[in-house]
Amino acid sequence: MYEEISNPAGVAKITKKKSKKKGTPVVKNSNEASETQHRLEQATAEQQRQKLIQRAQNMQQICEEHLPQEQQKSTKSAKQQLPKPVESMVLGSSIVKHVRGGIINKYSGKYSKICCYPGAGSEKVTDHAEVELKYALPETTIIHCGGNDLANDMPINEITSNIEYLGKELKHRGVKRIAVSGMVPRIYMQKDIPSLNLAFKKMCSQNGYDFIDNSNISYHWHLSDDCIHLNYDGVKLLERNFANYLKKNTKGMDKE
């Protein structure tokens, strides 16, 4: 349909009328359209994911229902034989290399894990402890290190400061009780080791840590040929000291 419009110059203009069709959707913003499409795609993908999960669960249930009776029994027994959670952990240098967690468990009733880092000082033990706690969180941790630091001429106050920091980190991670094990004798450090142990005792008292006294281990009778590490009898004493400490000081902790 056309209409004639006159203008002052007398020239007629032919103008096409714009027809309006009802019901035609008008997209105001292309961003809104793309967002709507994205949401639809997400919803569809989630529905497919849920279907796959449900299908996998159904298949697993069917397989379990058709397992032979003997295989079902072995599966149950395997679940019952899972390892016990670690109740105590020993972090130390090579001095604790031959300490046996099974012996500590036998005399204390606490399932114990021994973590030995040969040649490690207090800083290296701290680094390793961070890794160990990713896989086990013990109620009690016994720290036995500092002798190598002393041998490398680290000042006693720095050694105790490092052990103090390690104890705080363990507490922060959720360990309930911290014990510092006294350094055992070394032939060439007969004066320095007692001084370090006195510093350990003071630091433990200030921070609420426990101190394990290993003074029953003698450099006369309990050192190996290298005059640094413990012989068989020395290791047995150290194991018994750890076990006695755990038995005496951790009663009822699992009820807390």
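From the list Asn157, Asn216, Asn244, the lone residue that is assigned to a loop (DSSP other than H, G, I, E, B), surrounded by fewer than 20 Cβ atoms within 10 Å (Cβ to Cβ) and modelled with pLDDT of 95 or more is Asn216. Between Asp210, Asp192, the distinction of being out of contact with any Leu (no Cβ under 9 Å at 6 or more places or on another chain) and either under 23 Å from Ala129 (Cα atoms) or of a type in the set (Asp, Glu) (or both) belongs to Asp210 only. Residue-level check: of (1) in contact (Cβ under 8 Å) with a residue 12 or more places away in the chain; (2) part of a helix (DSSP H, G or I), Leu198 misses just (1).
Note on the stretch 112-126: among residues that are part of a helix (DSSP H, G or I) and in contact (Cβ under 8 Å) with a residue 40 or more places away in the chain, the one that is surrounded by the most Cβ atoms within 10 Å (Cβ to Cβ) is Val125.
Six or more apart or on different chains, Cβ under 8 Å: which pairs go from a residue in the stretch 237-250 that's acidic (Asp, Glu) to one that's part of a helix (DSSP H, G or I) and surrounded by fewer than 22 Cβ atoms within 10 Å (Cβ to Cβ)? Could you list them? Once the first residue is acidic (Asp, Glu) and sits in the stretch 237-250, its partners that are part of a helix (DSSP H, G or I) and surrounded by fewer than 22 Cβ atoms within 10 Å (Cβ to Cβ) give Glu239/Ile103; Glu239/Tyr107. On the stretch given as the stretch 127-149, residues that are of a type in the set (A, V, I, L, M), in a helix (DSSP H, G or I) and surrounded by fewer than 20 Cβ atoms within 10 Å (Cβ to Cβ) total 1. Taking the numbered list (1) among the hydroxyl-bearing types (Ser, Thr, Tyr); (2) part of a helix (DSSP H, G or I); (3) touching a residue at least 24 places away in the same chain (Cβ under 8 Å); (4) surrounded by fewer than 19 Cβ atoms within 10 Å (Cβ to Cβ) in turn, Ser205 passes all entries but (3). One residue stands out among those in the stretch 220-241 that are surrounded by 17 or more Cβ atoms within 10 Å (Cβ to Cβ) and in a loop (DSSP other than H, G, I, E, B): the one that is nearest to the chain's Cα centre (by Cα), which is His229. Being out of contact with any helix residue (DSSP H, G or I) (no Cβ under 7 Å at 6 or more places or on another chain) and of a type outside the set (S, T, N, Q) holds for only one residue in Lys176, Lys168, and it is Lys168. Can you tell me which residue in the stretch 184-195 is surrounded by the most Cβ atoms within 10 Å (Cβ to Cβ), limited to those that are without any contact (Cβ under 8 Å) to a residue 60 or more places away in the chain and among the aliphatic types (A, V, I, L, M)? For the stretch 184-195, the residue satisfying everything is Ile193. Per the listing Ile142, Ile212, Ile159, Ile178, the residue uniquely under 25 Å from Arg240 (Cβ atoms) and without any contact (Cβ under 8 Å) to a residue 60 or more places away in the chain is Ile178. Inspection of the stretch 95-111 finds no residue satisfying the criterion of being farther than 18 Å from Asn162 by Cβ, surrounded by fewer than 17 Cβ atoms within 10 Å (Cβ to Cβ), at pLDDT below 60 and in contact with a Ser or Thr (Cβ under 9 Å, 6 or more places away or on another chain).
The values are calculated or read from the model by the stated rules, or taken from the named source; none is laboratory data. Just so you know, these numbers come straight off a predicted model, no measurement behind them. All Cβ positions, glycine included, derive from the backbone under ideal geometry; neighbour counts span all protein chains shown.
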